[in-house]
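K.L.:
Shown below is the structure under consideration.
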Amino acid sequence: MCQHQPTCPSADATDRDAAKVIACFPEQGWSLLCNGVISFEDTGEILPDGRSIAPHRGPARHALVA
């Protein structure tokens, strides 16, 4: 599916978020990646096979301060 060189990670790869954006809808909070993944601004995802990935943000900055 990807025409980029080097090719983007597949939808099953752990680094799938590194694929290039081919359609962006910031007013709706999502983007379509060239590997078929729909990526949401809250870091959630929908994979091409319909599986969903829950948001996976790291801890808030204020939670890292000791």
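K.L.:
Suppose R0 equals 35 Å; then what is the FRET efficiency for Asp42 and His4 from their Cβ-Cβ distance, rounded to the nearest 0.05?
P.N.:
0.85
K.L.:
Oh, and also: Report the extension gain between Lys20 and Asp49 in nm, rounded to one decimal, defined as 0.36 nm multiplied by the number of residues separating them, less their alpha carbon distance.
P.N.:
Full extension from Lys20 to Asp49 adds 8.6 nm.
K.L.:
Related question: First check a/c for the range 1-54, with a ≥ b ≥ c the square roots of the eigenvalues of its C-alpha gyration tensor; if it is under 1.5, answer rounded, and if not, answer prolate when a/b is larger than b/c or oblate otherwise.
P.N.:
On the way: a/c = 2.00, a/b = 1.30, b/c = 1.54.
In terms of gyration-tensor shape, oblate.
K.L.:
Between Ile22 and residues 5 or more places away or on another chain, which pairs have amide H atoms under 5 Å apart, with H built 1.01 Å from N, and which residues are they?
P.N.:
Leu32, Leu33, Cys34
K.L.:
Could I ask something else about it? Which ³J(HN,Hα) values, rounded to whole Hz and listed in residue order, are derived for the range 9-21 from phi using the Karplus coefficients 6.51, -1.76 and 1.60 in 6.51 cos²θ - 1.76 cosθ + 1.60 with θ = phi - 60°, glycine and proline given as x?
P.N.:
x, 6, 5, 8, 6, 5, 9, 3, 5, 7, 5, 6, 7
K.L.:
How high is the relative contact order of the chain, in percent, with contacts defined as C-alpha pairs under 8 Å that are six or more residues apart?
P.N.:
Dividing the mean separation by the residue count of the chain yields 19 percent.
Read-outs throughout are calculated quantities, based only on the coordinates presented, and are distinct from any laboratory measurement. Only a predicted model underlies this, so the values are computations on that prediction, with no experimental measurement involved. When we count neighbours, we look across all protein chains shown, and the Cβ atoms used for this are built from the backbone with ideal geometry, even at glycine.
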